[in-house]
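Every number here is computed from the coordinates shown, using simple stated rules; none is lab data. These figures come from a predicted structure and were not determined experimentally. Don't worry about glycine lacking a Cβ; one is built from the backbone with ideal geometry, like all the others, and counts go over all protein chains shown.
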Amino acid sequence: MSINKDFRTIAAANGIADDIAYGAVTPPLYLSSNFAFRQFEQAQAYEYSRTSNPTRDLLADTLAKLEGGAGTVVTSSGMAAVNLVLGLLKPGDRVIAPHDCYGGTYRLLAALQDKGHFDVEFVDQGNQEALVSALSRGATLVFVETPSNPLMRIVDINVIAQRTKAVQARLVVDNTFLSPALQRPITLGADFVIHSTTKYLNGHSDVVGGAVVAANSNDVEELKAWANMIGVTGSPFDAYLTLRGIRSLFARIERQQTTAMVAARFLSQHPRVGVVHYPGLISDPGHELAARQQSGFGAMLSFELKGGLEAVRSFVAGLRIFTLAESLGGVESLVAHPASMTHAGMGAEARHAAGIKEGLLRVSVGLEAEEDLLSDLAFSLANIE
């Protein structure tokens, strides 16, 4: 008899003790690139690992259950996941994307538009008039990133889903910053959910991967076929490590977001800091919506230093525990400078339009002791000349 399982249980136990060969508690890792046919013209369940692999399939099943989707395609990177969904489009189709999205996504959308694959309009999706106006000109796919990277802006997934369906378009939501532990876009009306599994899902900064979860089974099959044709499926070993990371997802994020809230409050009261972007703060413009739409505020935040680029240089030079590096979602705390790192490829004009300033720093809060992280922030802020 099947039972309804809490999402924490799914993350921790999906696939546990299911091995029928030897009774292994931890799901085995199948590294084989190919699989033997039973006999001539009789393949078994698996033939070739680019097409399907037991380890990758278990990760896909786990993600589909956590997101409430019909199925998942696991890819070799987060950008491969974005590109996989965009591969469903054809010349003449129209994409509406956030003007303040991740720099890599912005760069890919712009490059594919330049090659004539489809048309793109970058819109401030928090501006309802601008969004409605963009939709009135037609859309095939609407891309949403909430919270946005790096300004942590929140948009209403359910409202955008309704407006998207009204123009017969489909909605894709990048859920990397929160993961299904804190937000489940398909339940809010999304057709696709994208992840860079490199981040919170894996959680240990030792894997690069991605995933697309689809709400509709027909879309799952189309994505699987396309992923197999273009060869963007993830490796079995990366899938194994990601699944191991998911086992502790809920526990990690619970601890990380608690520390993030403390850090955000500390930074918001510091005289060297101009503004803190963190939806967990009551003063944040997205607080009320985030409280309704999410089950937590996450462990990502950003803040702007008074003094701009020179202040940034002095601040990062003083860091002893936070590491200056790209990426996010690992057990270690990171600081990134979007204008020169993650969003450099957008160009200065696009960054200005999105509100990404030279003094902005993005923070991924890890699992170090709260007191040590606050001490590091305080020391580095005092280091600003």
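Could you grab the relative contact order for region 30-87? Cα pairs under 8 Å, six or more apart, rounded to a whole percent. Write out the running numbers ahead of the final one.
On the way: 39 pairs, mean separation 11.8, N = 58.
Averaging sequence separation for qualifying contacts and normalising by length gives 20 percent for region 30-87.
With the chain treated as a Gaussian network of Cα nodes joined by springs under 10 Å, which of Ser248, Ser136, Ser333 yields the largest mean-square fluctuation?
Of the options given, Ser136 has the highest mean-square fluctuation.
Which whole-number percent gives the relative contact order of region 278-381, counting Cα pairs below 8 Å spaced six or more residues apart?
On the way: 146 pairs, mean separation 33.4, N = 104.
Reported as a whole number, the value is 32 percent.
Tell me which GluC sites (Glu not before Pro) from region 36-107 have a DSSP coil assignment and no more than 11 other beta carbons within 10 Å of their own. Display every interim value, and only then the final one.
Values: sites: Glu41, Glu47, Glu67; in loops: Glu41, Glu47.
Taking region 36-107 and a limit of 11 other Cβ atoms within 10 Å, the loop GluC sites (Glu not before Pro) found are Glu41.
For the pair Thr187/Glu332, report the inter-label distance in nm, with labels modelled 7 Å from Cα in the Cβ direction.
Each label point lies 7 Å from its Cα, and together they span 3.4 nm.
Taking H as built 1.01 Å from N, whose amide H comes closer than 5 Å to the amide H of Arg170, not counting residues under 5 places away?
Those qualifying (amide H under 5 Å, at least 5 residues apart or on another chain) are Leu141, Val142.
How big is the charge dipole of region 72-150 about its Cα centre, in debye rounded to the nearest 20, if each Lys and Arg gets +1 on its Cβ and each Asp and Glu gets -1 on its Cβ? Let's see the in-between values first.
Values: 5 positive and 8 negative charges, 57 e Å.
Computed charge dipole of region 72-150: roughly 280 debye.
Work out the length of the dipole vector of region 137-253 about its Cα centre, built from +1 on the beta-carbon of each Lys and Arg and -1 on the beta-carbon of each Asp and Glu, and round it to the nearest 20 debye. All intermediate terms of the calculation are to be shown ahead of the outcome.
Working: 11 positive and 9 negative charges, 55 e Å.
In total the dipole reaches around 260 debye.
With a cut-off of at most 12 other beta carbons within 10 Å, and DSSP calling the residue loop, which trypsin sites (Lys or Arg not before Pro) in region 101-202 qualify? Please list them.
Lys115, Arg137
Under a 5 Å amide H to amide H cut-off, with H placed in plane at 1.01 Å, what residues pair with Ser77 once short-range neighbours are removed?
Under 5 Å from the amide H of Ser77: Gly210.
Between Phe37 and His352, with labels modelled 7 Å along Cα→Cβ, what's the label distance in nm to one decimal, could you check?
Each label point lies 7 Å from its Cα, and together they span 6.3 nm.
From the Cα trace of region 231-298, what convex hull volume per residue do you get, rounded to a whole Å³? Mind showing how you got there, number by number?
Working: hull volume 10.1 nm³, N = 68.
It comes to 148 Å³ per residue, whole-number rounded.
Would you mind working out the magnitude of the charge dipole of region 267-385 relative to its Cα centre, with +1 at each Lys and Arg C-beta and -1 at each Asp and Glu C-beta, to the nearest 20 Debye? Walk me through the intermediate numbers first.
Working: 8 positive and 14 negative charges, 61 e Å.
Magnitude of the dipole: close to 300 debye.
Got a sec to turn the phi values of region 200-217 into Karplus ³J(HN,Hα) couplings, 6.51 cos²θ - 1.76 cosθ + 1.60 with θ = phi - 60°, whole Hz, x for Gly and Pro?
5, 4, 6, x, 10, 6, 10, 9, 10, x, x, 7, 10, 9, 10, 6, 10, 5
Can you compute 3J(HN,Hα) from phi for each residue in region 158-172, using the Karplus curve 6.51 cos²θ - 1.76 cosθ + 1.60 with θ = phi - 60°, rounded to whole Hz and x for Gly and Pro?
In residue order, the calculated couplings are 5, 5, 5, 4, 5, 5, 5, 5, 5, 9, 6, 9, 10, 10, 10 Hz.
Diagonalise the Cα gyration tensor of region 250-382 and give the resulting equivalent ellipsoid semi-axes, square root of 5 times each eigenvalue, largest first, whole Å. Please report the intermediate quantities before stating the final value.
Values: eigenvalues 91, 68, 42 Å².
Listed largest to smallest, the semi-axes of region 250-382 are 21, 18, 15 Å.
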